[in-house]
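The values are calculated or read from the model by the stated rules, or taken from the named source; none is laboratory data. Being a predicted model, the structure only gives us computed values, none of them experimental. Don't worry about glycine lacking a Cβ; one is built from the backbone with ideal geometry, like all the others, and counts go over all protein chains shown. Please note that ligands, DNA and RNA were not included when accessible areas were found on the heavy atoms of the full protein model with its side chains. Shrake-Rupley method; radii C 1.70, N 1.55, O 1.52, S 1.80 Å.
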Amino acid sequence: MAIGISKAPAHLQQGLTCNRECLKSQGSQDKNQKVFQKDTFEISQLSNQRESVMDNMKHRMVQSASSFSDRRAEILKEIREEKGSYDCSDIVNACGLSYARLYAEIEQRHENGQEPYHQADGTSLTKEEEIEWLDMQYEQEVAWQKSCARIAAQGQVFQGTLPEMPTKEIEEWEDSFYQAKDVYMKLYRESRQAGKPIALQNNRFGDGRMYEMLNRFRNFQGRVESC
């Protein structure tokens with residue numbers, strides 16, 4: 001005959017309750033560990049994809065423009081030297097500015113009749129093909145930044161310092177990069193008409209809560225962009 005927990009002695013009730021809570025806690029930890037391992041594997045794949053894109057570009061072009069990540073790193077270095085540090089908002093602005101500057105260089109080179117970049121077979125790359133490569137690099141950068149933020153957040157969930165995954169904030173983080181791209185492209189066109197270079201802005205794409213949480217992730221796992 002099965003014994004109901006409500007009819008068991010007090011010490012047995014406590015033991016059963018403890019075991020049930022321990023099993024529940026263990027199950028939650030196992031689930032978090034699986035998600036963490038999945039995200040770690042995903043960022044490893046992104047790293048491989050990133051290297052593949054850059055390797056493809058090196059083999060496709062005889063001459064190659066500076067990679068997107070190098071350009072973004074140069075801007076962040078300047079920000080750090082000026083301010084002493086930089087945050088997630090600076091990363092978004094640096095990505096938007098990097099895209100606009102590289103786009104401007106592509107346009108100017110083709111309009112001025114400068115020697116174009118070439119594929120390995122000697123075929124000249126068109127302006128559209130170069131922009132396609134630039135778009136691909138930007139998408140890779142955004143996917144990289146998003147995955148690093150998710151890994152850092154999952155680490156905090158696993159450690160118990162964060163109650164749940166901030167899915168909404170991470171999605172907003174992804175959207176902010178594309179908003180920055182649009183804003184800096186608009187700025188590029190306006191600056192071009194005025195005959196002025198594109199300058200870094202102090203724009204904030206998204207709400208303050210999102211950046212507060214993301215900056216906390218960076219403190220937990222180090223700088224997002226070098227995840």
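When E74, E78, E42, E82 are screened for being of a type in the set (D, E, K, R), part of a helix (DSSP H, G or I) and modelled with pLDDT under 90, only E42 passes. Restricting attention to region 172-187, which residues are in contact with a Phe, Trp or Tyr (Cβ under 6 Å, 6 or more places away or on another chain) and either open to solvent by 50 Å² or more (accessible area, probe 1.4 Å) or of a type in the set (A, V, I, L, M) (or both)? Answer for region 172-187, where residues must be in contact with a Phe, Trp or Tyr (Cβ under 6 Å, 6 or more places away or on another chain) and either open to solvent by 50 Å² or more (accessible area, probe 1.4 Å) or of a type in the set (A, V, I, L, M) (or both): Q179, A180.
Scanning region 202-218 for residues that are in a helix (DSSP H, G or I) and open to solvent by 50 Å² or more (accessible area, probe 1.4 Å), we see that the one that is modelled with the highest pLDDT is E212.
Taking the stated definitions as given, is A194 out of contact with any Leu (no Cβ under 8 Å at 6 or more places or on another chain), among the small types (G, A, S) and under 30 Å from Y117 (Cα atoms)? So A194 passes the test.
Apart from one condition, K77 fits all of (1) surrounded by 19 or more Cβ atoms within 10 Å (Cβ to Cβ); (2) without any contact (Cβ under 8 Å) to a residue 24 or more places away in the chain; the exception is (1).
Taken together, E190, E169 contain a single residue that is more than 13 Å from V92 (Cα to Cα) and open to solvent by 80 Å² or more (accessible area, probe 1.4 Å), which is E190.
Going by the structure shown, is W144 assigned to a helix (DSSP H, G or I), open to solvent by less than 30 Å² (accessible area, probe 1.4 Å), more than 23 Å from N215 (Cα to Cα) and aromatic (F, W, Y)? For W144, the condition - assigned to a helix (DSSP H, G or I), open to solvent by less than 30 Å² (accessible area, probe 1.4 Å), more than 23 Å from N215 (Cα to Cα) and aromatic (F, W, Y) - is not met.
In the set (1) closer than 19 Å to R71 by Cα; (2) in contact with a strand residue (DSSP E or B) (Cβ under 6 Å, 6 or more places away or on another chain), the condition left unmet by S124 is number (1).
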